[in-house]
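Every number in this text was worked out from the coordinates using simple rules, so none of it is lab data. Since we're looking at a predicted model, the values are computed, not measured. Ideal geometry is used to build each Cβ from the backbone, glycine not excepted, and the neighbour counts take in all protein chains shown.
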Amino acid sequence: MAYCPQCAAELTKDASTCLKCGAALNADGGWRPLQAKPKARTTSRIKIAAWLVGIPVLLIALLLAYSEFANWFASRQAAEFCAKARPGEPIAPLLAAGAGWRMRPIYVRERSEYVFVFPGFGLDKAICRITVIGDKVQTATAQMFYD
Ligand SMILES: [Zn+2]
């Protein structure tokens, strides 16, 4: 029995091409049938190809899932933080460390507004804006900003 050197299929006697993979046999410079059954290389090639395609696809899927999660988490934190700011109540407890913000609040003097940034994925971020009158909360709005 002869075997195809390309795909290891059994060959009929005097076959000039492999019926399974189409490899040209006995042609000048072509494949020569093997007398011993070779290890099927196609299987490992398919496996390698599957890994080559599968790993990047998996990484992209993980990255997308992570970015979704990071943005969801950031917007939830911003919303939760904003919910603590009740109109008419003092802003001071919200500015204290441990109040729940992740990055030190930015004060925008011309708008009497504190901006609390909650980083999401990459440059995406959720923001809670709290406007004040004197030292009291006036309004609180949470928003998501995508890069
Ligand atoms: Zn073949």
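A few notes on this one:
- Stokes-Einstein translational diffusion, the chain - Kirkwood Rh over all Cα pairs, 1.306 mPa s, 10 °C, in µm²/s: 77
- By the count of neighbouring beta-carbon atoms within 10 Å, fewest first, C82, C21, C4 end up ordered C21, C82, C4.
- Degrees, to the nearest 10: 41-84 long Cα axis against longest axis of the chain: 10
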